[in-house]
């Protein structure tokens, strides 16, 4: 029997080994003639985290905001995560999709050993109600 080591995460797996009489082909009796073998998965797919742990601040006069997603504590196997920009609430400090930024959604596909991906959100150029090009508004990104 050969155990195949691949790069995909999977739960630990069990099988049994039993001893048989070579002549009669009957299973030998006794508690010590059968044992369970557990194949421990050594692959660690890791966790996904935003590179910026607090608030990512981006100037309103720059056309694209880049958000970095890191894969930490393991990079074995291929994994993917869906993402989308979200409007936080209806307060004046919340950016409005289609007015302040172009909403985006998609999937980040991490290959085996890949540890970093970027999400790019287009920021729409406009002045605030008082004619200022600088704005202070927030939006969110959801990973799911």
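The values are calculated or read from the model by the stated rules, or taken from the named source; none is laboratory data. On a predicted model such as this, the values are computed, not experimentally measured, just so you know. In this analysis, Cβ positions are derived from the backbone assuming ideal geometry, glycine residues included, and neighbour counts consider all displayed protein chains.
Before moving on, here are some points about what is shown:
Here is a yes/no grid of residues against (1) at pLDDT below 95; (2) in contact with a strand residue (DSSP E or B) (Cβ under 7 Å, 6 or more places away or on another chain):
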{"site": "91", "(1), (2)": "yes, no"}
{"site": "107", "(1), (2)": "no, yes"}
{"site": "132", "(1), (2)": "yes, no"}
{"site": "139", "(1), (2)": "yes, yes"}
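- Condition broken by residue 106, with the remaining ones in (1) within 15 Å of residue 139 (Cβ to Cβ); (2) within 17 Å of the chain's Cα centre (by Cα) satisfied: (1)
- The one condition in (1) within 30 Å of residue 8 (Cβ to Cβ); (2) surrounded by fewer than 11 Cβ atoms within 10 Å (Cβ to Cβ) that residue 92 fails to fulfil: (1)
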